[in-house]
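Written below as structure tokens is the structure these notes are about.
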Amino acid sequence: VTENRSDLEDLHLYATPREQRFRRFASLEFEGQLYMTPYDFIRAVTNDEPKRAKKWRSLSKQELNQILMETPPVWKGSSKLFRNLNEKGVISYTEYLFLLCILTKPHAGFRIAFNMFDTDGNEMVDKKEFLVLQEIFRKKNEKRERKGDEEKRAMLRLQLYGYHTSTNGVLKTEGEDLVPRSYWDTLRRSTSQVLFSDLAERADDISSSLSDTTLLVHFFGKKGKAELNFEDFYRFMDNLQTEVLEIEFLSYSNGMNTISEEDFAHILLRYTNVENTSSYLENMRCRIPEEKGITFDEFRSFFQFLNNLEDFTIAMQMYNFASRSIGQDEFKRAVYVATGVKLSPHLVNTVFKIFDVDRDDQLSYKEFIGIMKDRLNRGFRGYKPIQRYTTFKSCVRKELYSR
């Protein structure tokens, strides 16, 4: 099924940036609702634009059932789950938002997330409890809807949620509506409201009106009767973070065990609002003449640190209040104290060489944190086109290793 181009662009006018991105990358449609495949999701968080033309393939009930029958249980999950499923999976819009949240959260936050779903406190999450997520994100989304033709907005809700919704909010927040919050913050702040509102009751209605998805079958089994424990939930979240990082790393490593420092800089700057990246790249080239490379363990540890950026920001502010400069030793210590992550001396040196533009061996933490907040919010902001400038030395090194 191919949607008329004018209709597509027309509905885009009523969609938020998140909705627009989901609609661009989604490739499946079932009973009027759009879905991503696992492959679509991976591309949405690692690429600028969809690879193929805008076509939504209509799934039959038989095809959907076959996809769900082949979904592995949660205990068979791995850091290659999405790559192994590839096109054989369906991910709804609210699940897309949930998965994006996972990518930006520290491991310490996994327990908080699990406890928020576990509304009856039995240390297990069932399908009904998880479906409360649908209502929380939908209610949050309604507050962000763009004004306009009510019929068009109703069509958009049907595409994204699979059913028509009213705009009568259940999560009443009075003055809080004026303050923009992330979906994760909404989920966290809504915990007590979930326990004492009719959201949990609405989960029964939602469950009966919506089709199962790959995530629901993965978590709760083909009959929806299984329960999810914290260990499996934690493993799923950790595996997803690892999988996305592996895909990014492998796209630059060309089969080697390391990526160049310059490629590392490109990956860091790609998702940010930095207009002129050339000054950062040129600064790094001049100051790291001998290429050593960044291993995947170093790469992953840096992004684990980024997911704890809020705590690190507090530590940096303490240095600032004490009027102390931030050298590499202070930076490394602040990272460990605030996040528990140990960064290698080479990785810290590389970060300094990228961001120490005035070359005084001190880090401007405000500029660094501002840029890294952009990088952390992948999928929630605009994407910068990939620019690959590989040094001659890097080309030679990769050529030698490939022989």
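The values are calculated or read from the model by the stated rules, or taken from the named source; none is laboratory data. Computed from a prediction, not measured in an experiment: that's the story for all the values here. Cβ coordinates were reconstructed from backbone atoms using ideal geometry, including for glycine residues, and neighbour counts include every protein chain displayed. Remember, those area values only see protein heavy atoms, side chains included, never the ligands or the DNA or RNA. Shrake-Rupley method; radii C 1.70, N 1.55, O 1.52, S 1.80 Å.
Using 0.36 nm per residue and subtracting the Cα-Cα separation, the extra length available between Glu275 and Ser60 on full extension is 72.9 nm. Calculated FRET efficiency, Asp360 to Thr16, Cβ-Cβ distance, R0 = 51 Å: about 0.75 to the nearest 0.05. Per-residue accessible area (protein heavy atoms, 1.4 Å probe) orders Cys101, Cys286 as Cys286, Cys101, starting from the largest. For Glu129, the accessible surface of its heavy atoms amounts to roughly 10 Å² (probe 1.4 Å, protein chains only, rounded to the nearest 10). When all protein chains stay in place and ligands, DNA and RNA are ignored, the 1.4 Å accessible-area order of His266, His107, largest first, is His107, His266.
In segment 256-377 the Cα-Cα distances spread across 5 Å bins starting at 0 as 2, 11, 22, 26, 22, 12, 3, 0, 0 percent of all pairs. Toward the positive end of the charge dipole of segment 256-377, with +1 on the Cβ of Lys and Arg and -1 on the Cβ of Asp and Glu, the farthest Cα among Gly293, Phe303, Ile354 is that of Phe303.
Judged by the mean number of other Cβ atoms found within 10 Å, the most tightly packed of the peptides 326-337, 65-76 leads the ranking 326-337, 65-76.
The mean sequence distance of close C-alpha pairs (under 8 Å, at least 6 residues apart), as a share of the length of segment 256-377, puts its relative contact order at 36 percent.
May I ask you to derive the FRET efficiency for Arg287 and Glu87 from their Cβ-Cβ distance with R0 = 45 Å, giving the value to the nearest 0.05?
Details: r = 44 Å, r/R0 = 0.98.
That pair, Arg287 with Glu87, gives E of 0.55.
Largest accessible area first, the listed residues Tyr39, Tyr96 line up as Tyr39, Tyr96 when surface is computed with a 1.4 Å probe on the assembled protein chains. Each residue was assigned an accessible area with a 1.4 Å probe, and for Arg287 the value is about 50 Å². Taking segment 8-104 as the region of interest, the number of lysine pairs whose Cα atoms are within less than 26 Å, with members eight or more places apart or on different chains, is 8. For the pair Glu151 and Val337, the difference between a 0.36 nm per residue extended length and the Cα-Cα distance amounts to 61.7 nm.
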